[in-house]
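The values are calculated or read from the model by the stated rules, or taken from the named source; none is laboratory data. Model, not experiment: these values are computed from the prediction. As a convention, Cβ positions derive from the backbone with ideal geometry for all residues, glycine included, and neighbour counts pool all protein chains shown. Note: accessible area is taken over every heavy atom of the protein model, side chains too, but ligands, DNA and RNA are not part of it. Shrake-Rupley method; radii C 1.70, N 1.55, O 1.52, S 1.80 Å.
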Amino acid sequence: MAIDYVKRAMPKQEPFERVRNFDEVALGYTVELAAEEAARCLACKKPGCVDGCPVGIDIPGFIKCVTDGDFVAGAKKIKETNALPAVCGRVCPQEEQCESRCILGKKGDAVAIGRLERFLADWEAARGPVEPPPLPPANGLRIGVVGSGPAGITVAADLALRGYKVTMFEALHEAGGVLTYGIPEFRLPKAIVRREVEYVKSLGVELRLDFVVGKTRTIDSMLTSFDAVFVAAGAGLPWFLEIPGENLNGVFSANEYLTRCNLMRGFRFPAFDTPLKRSARVAVFGGGNVAMDSARTALRLGADEVHIVYRRSRAELPARAEEAENAEEEGVIFDYLTLPIRLIGDERGWLSGIECRRMELGEPDASGRRRPIEVPGSDFLMEMDASVCAIGNSPNPLIPMSTPGLEVGKRGNIVADEETGCTSRERVWAGGDVVTGAATVISAMGAGRKAARSIHETLTGAG
Ligand code: FAD
């Protein structure tokens with residue numbers, strides 16, 4: 001049979017339509033498209049895609065289930081190793097992971113593994129609540145998990161499935177971490193995150209919301225009632241450019257901007273009483289996924305003009321190609337090789353303009369990307385009434401500050417063993433963004449999986 005090198009496109013909302021709503025942009029494969037895409041898989045004897053997946057999903061296995069039309073079995077197969085398939089199918093950077101190892105990618109398009117994963121998860125969800133697998137008898141051991149993002153959810157699910165009594169503590173009023181407060185509805189509908197959280201609860205995991213570990217209760221206090229604690233508190237402390245004017249009204253961190261919109265439902269004002277002021281001209285600083293999400297959110301909130309202000313060029317954009325393309329299609333203006341140097345306010349203290357400097361690219365720096373260099377005498381002014389800073393985040397210092405003996409690194413990240421998640425404190429494990437700094441959903445889940453194994457081995461002596 002001839003090899004099919006062309007990936008099936010996924011239906012999407014048209015750009016002119018989607019910029020006016022917060023509904024999901026990508027609509028997912030139909031049964032027919034999924035079958036055609038699955039049929040492209042060569043079922044390699046040594047599947048590179050599995051090595052490329054940080055949680056080692058049996059990818060050829062679930063793709064074969066799609067080819068056979070056995071979607072129940074396919075969805076089950078993914079769930080063996082991944083508690084969040086509908087999320088990962090949507091937001092994982094598959095092009096750098098599983099799909100980058102697909103043999104078809106050498107001459108054409110890799111198999112659309114993420115789209116097939118999403119298809120199975122959505123197909124299963126459309127059939128009603130997911131049956132939890134049979135649980136083993138309780139082993140009498142208790143685990144406290146700090147944070148309910150992908151790392152916390154993975155540890156909680158893995159340990160519940162091994163008979164542990166798990167309690168997950170979340171500072172916010174909704175579970176899900178960045179999946180809930182950061183990634184916008186149009187990329188990851190919150191109903192999907194809630195469904196995945198409900199699944200974890202169905203495994204017997206107790207969820208305590210509005211509970212700030214380090215304030216409400218310290219890790220040391222938790223260790224008196226739990227056999228182990230896993231810290232998965234993420235990296236929620238935003239960085240700023242540290243230029244004049246960052247205290248003006250209308251100047252946001254991406255974290256605040258997206259939280260106001262996603263978690264506090266600012267886009268549904270007046271149904272929710274926490275509106276986000278409409279801004280006519282918005283500048284977003286940065287070039288990653290967070291910047292794309294902020295820019296596309298600003299458009300949907302009714303801005304007339306939204307700019308991505310990025311100090312390098314298109315080639316160095318850290319965002320997923322798909323997300324940058326979506327932003328371009330929707331009309332976001334990309335100002336490359338541009339550095340904001342000063343924010344200017346009006347007489348009432350609101351942002352009115354941004355002074356910028358042109359950049360050019362020099363030799364590659366330590367990150368391997370060409371270093372941006374300021375061009376003397378190139379300063380210019382952009383009129384703006386809101387800015388969103390999306391240049392990165394570090395972990396919040398609350399937990400390290402309230403936990404004596406917990407070793408932290410240069411950027412405030414908790415130091416933990418890469419293979420086990422063990423920290424400098426006995427019976428305390430950590431993983432996800434709180435250890436690595438801002439990374440990806442699947443790497444946080446991978447860290448959760450390794451820590452769950454290590455916790456289990458340490459507490460029970462299991463090999
Ligand atoms: P988080 O998801 O940050 O969860 C940590 C949780 O801990 C939060 O709910 C927080 O409220 C809670 N917490 C913090 N402190 C405490 C405390 N003291 N007590 C109790 N609870 C606490 N990754 C991708 O793979 N693909 C993408 O497309 C993508 N897009 C992104 C878009 C945005 C806007 C952002 C911000 C990130 C994006 N990421 C993406 C990154 C990804 O979401 C994170 O790497 C991932 O969520 C990290 O998971 P985590 O479990 O370590 O932490």
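Quick notes on this structure:
- Considering residues of the stretch 1-40 that are more than 27 Å from the chain's Cα centre (by Cα) and not aliphatic (A, V, I, L, M) only, the residue most open to solvent (accessible area, probe 1.4 Å): Glu32
- The set of residues in the stretch 102-116 being more than 15 Å from the ligand (Cβ to nearest atom) and either without any contact (Cβ under 8 Å) to a residue 12 or more places away in the chain or under 22 Å from the mean Cα position of the chain (by Cα) (or both) consists of Gly105, Lys106, Ala112, Leu116.
- Only one entry of Gly176, Gly147, Gly204, Gly128 meets the criterion of being open to solvent by 20 Å² or more (accessible area, probe 1.4 Å), touching a residue at least 12 places away in the same chain (Cβ under 8 Å) and at positive phi, and that entry is Gly204.
- Members of the stretch 256-300 that are open to solvent by 20 Å² or more (accessible area, probe 1.4 Å) and either under 16 Å from the mean Cα position of the chain (by Cα) or within 13 Å of the ligand (Cβ to nearest atom) (or both): Glu256, Thr259, Arg260, Asn289, Val290
- Per the listing Glu329, Glu347, Glu322, the residue uniquely surrounded by fewer than 21 Cβ atoms within 10 Å (Cβ to Cβ), within 17 Å of the chain's Cα centre (by Cα) and either more than 27 Å from Phe16 (Cβ to Cβ) or charged (D, E, K, R) (or both) is Glu322.
- Inclusion of Glu407 among residues that are free of Cβ contacts under 8 Å to residues at least 24 places away in the same chain, closer than 26 Å to Ala235 by Cβ, of a type in the set (Asp, Glu) and open to solvent by 60 Å² or more (accessible area, probe 1.4 Å) is warranted.
- Residues satisfying the stated conditions in the stretch 412-438, i.e. open to solvent by less than 60 Å² (accessible area, probe 1.4 Å), within 16 Å of the ligand (Cβ to nearest atom) and free of Cβ contacts under 8 Å to residues at least 60 places away in the same chain: Val415, Ala416, Val435
- Taking (1) of a type in the set (A, V, I, L, M, F, W, C); (2) open to solvent by 50 Å² or more (accessible area, probe 1.4 Å); (3) outside any helix (DSSP H, G or I); (4) under 25 Å from Arg194 (Cα atoms) in turn, Val229 satisfies each apart from (2).
- If the condition is being open to solvent by 30 Å² or more (accessible area, probe 1.4 Å) and within 30 Å of Tyr310 (Cα to Cα), then the stretch 390-404 contributes Ile391, Asn393, Asn396, Pro397.
- Residues being over 22 Å from Glu330 (Cα atoms) and of a type in the set (Gly, Ala, Ser) - total across the stretch 1-41: 5
- Exactly one residue out of Gly69, Gly56, Gly52 is open to solvent by less than 50 Å² (accessible area, probe 1.4 Å) and modelled with pLDDT of 95 or more, and it is Gly69.
- In the stretch 41-77, residue farthest from Glu99 (Cα to Cα) [restricted to those that are within 27 Å of the chain's Cα centre (by Cα) and among the β-branched types (Val, Ile, Thr)]: Val72
- Among the residues examined, Arg187 does not qualify as under 18 Å from Ile143 (Cα atoms) and open to solvent by 20 Å² or more (accessible area, probe 1.4 Å).
- If you go through the stretch 176-213 and keep only what is closer than 28 Å to Gln13 by Cα and among the aliphatic types (A, V, I, L, M), you end up with Val178, Leu179, Ile183, Leu188, Ala191, Ile192, Val193, Val197.
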